Amino acid sequence: MPFVCYFSILIFKMSQTEDAYEAYKCLVELSHPKFVPAGPYPPGAGLVGILWSMCANARPQSAEQPQAQEEKDFQSSRDQSIRTNVSASSRPPVRKGRRHSRRSSQSPLCWTGLRQLSEDPDQIDDPRLSLQSLAYGMASAIPFGTRSSAPRGILVVFARSTADPEKLNDPDNVEYLRQSAELIGSVLAWQVPHRRVEAERTQDLQHSKRVLQNAFSASVVVNRRREMAMKQDVEEDPDLSAAASRLRCFIDSIAGLLNKAQGVDGAFLPLPMIMSQASLTFFGSASTLLLLSSIAEYFTREHPDLPFPALPPFCALMTLQYGLAAAPASQPRNILYGSTVACALVLFASHFLRLQDILLPWLTVPLLTAASIATMAGLGITHPPAAAAAWIFADSAMKGDRGMGTVWKMYGLMILANILTIGTATLINNLSERRQYPIYWKFVPHSVVTSFQTFVENPWLTVQLCCLKLCCAERKKP
């Protein structure tokens, strides 16, 4: 079935009659009470059928034909010049009338009077053709899709009866209308396979829906039968039912554990560093560790009674500061707070509670380190190198080879070394435009800072807010 589309170039002016405007609205306005829809027409019936019959076998003249003829003339003249020993190495000059000849090669459109068609006694009575004869004056059909086969459809173009035929058949106007027909026709041709694809997808969706509904219904039936069987087992043997329930729960928990152990589908792996960033990581880690190593060597040589803290936790700290600069565990807040709290907890339990006198060393050191890790996680200041430092301090305190005073001094030196690493990491990481360190400081929570500022600006308001919070808390109690 051919495609048919309408393109009106009629412009209503004050000179148009009311009957013409009313007929135009009956043709284009869907909300009009006398709207006449465009129905399918067989070939030869109605305006569309007549125009289709007129241009079904037509072929629009291509603009490439004059150029091909010119190439043929040039080749023949070139052969003639070679036979007469005349040099023909260059192309003959283009005639001044070339553009005119190309434009005049466009075949003009065939405009048909609509009033004559509507009054033709041999045509069937078509109300739409009658309205078109009132609203418009002339019509023409432009076939599209004629490149490889017969026309796939036509574009119906309307014009006023008073329009100038020379302007309508101007080569530029004809070329514009033909290109418009190809463009509009391609859109119409695209709609057919698009609708087919949508229909196929709708059918697939409905089929999948039916399959899921059937599967769900089958599972419901199976579950109901299983529940009925279990109910019968409970009535017959309650102990057997309880054992089966516990076994089922155990199997479900094992299945859930195995499912979690498989990982997350579609998880993305971390991207490797580019060479420049890896080089900066090496430079920052090496320079900071060399600095700490030189300080440790100085304390070993000049102050043998005051040993410098062990460097392995600082190696882990370098991994965080230069390999994971944006991680929360790498920020100064977690570094200082985590190290302070974890090591202080270990030293407090060893110095004041004397756990080494109660428990064995191989049991005390892991328990104290685990307690420090849990404390950091509970306070939101998790820092992995602090857990390693807590193990070292707990081991030193359990062995008793150093006095507790010396261990507390090592604790102070470790805090100072952490401050030093924060300074070097801030300087070296920010040398690169691709890095920023730290992401935040926030040693004091924002809520505390806001409350303090409010108290400084208006102490009485702060007291009233505290009283209001206490009253609300008392009301919430049962």
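Phi angles across the stretch 403-409 convert, under the Karplus curve 6.51 cos²θ - 1.76 cosθ + 1.60 with θ = phi - 60°, into 3J(HN,Hα) values of x, 5, x, 5, 5, 5, 5 Hz, Gly and Pro given as x.
Computed from label points 7 Å out along Cα-Cβ, the spacing between Ala38 and Thr450 is 6.3 nm. Counting charges near Val220 (Lys, Arg +1; Asp, Glu -1) among other residues having Cβ under 14 Å from its Cβ returns a value of +2. Once the C-beta distance of Trp441 and Ile274 is scaled by a Förster radius of 25 Å, the resulting FRET efficiency is 0.35 to the nearest 0.05.
Protection proxy ranking of 431-441, 170-180, 207-217, by the mean of other Cβ atoms within 10 Å over each peptide's residues and highest first, is 170-180, 431-441, 207-217. Within the full protein context, the accessible area of Arg248 is estimated at about 90 Å² for a probe radius of 1.4 Å. Inverting the pair-averaged 1/r between distinct Cα atoms of the stretch 172-222 gives 14.4 Å as its Kirkwood hydrodynamic radius. 3J(HN,Hα) along the stretch 130-141, derived from phi through the Karplus expression 6.51 cos²θ - 1.76 cosθ + 1.60 where θ = phi - 60°, amounts to 5, 5, 5, 5, 7, 6, 10, x, 9, 9, 9, 10 Hz, with x in place of Gly and Pro.
For the peptides 270-278, 364-372, 284-292, 182-190, residues were scored by their other Cβ atoms within 10 Å and the scores averaged per peptide; the highest-first order is 364-372, 284-292, 182-190, 270-278.
Each pair of Cα atoms in the stretch 387-426 enters the Kirkwood radius, and Stokes-Einstein at 4 °C and 1.567 mPa s then converts it into a translational diffusion coefficient of 118 µm²/s.
Across Met228, Met138, the residue with the most accessible area heads the list, and the full order at a 1.4 Å probe is Met228, Met138. The distance between label points at Thr300 and Val192 comes to 8.8 nm (points 7 Å beyond Cα on the Cα→Cβ vector).
The values are calculated or read from the model by the stated rules, or taken from the named source; none is laboratory data. For clarity, every value in this text was computed on a predicted model and none was experimentally measured. Counting neighbours? That spans all protein chains shown, and the Cβs are built from the backbone with ideal geometry, glycine included. Each accessible area value is taken on the protein alone, full model and side chains, heavy atoms only, with ligands, DNA and RNA left out. Shrake-Rupley method; radii C 1.70, N 1.55, O 1.52, S 1.80 Å.
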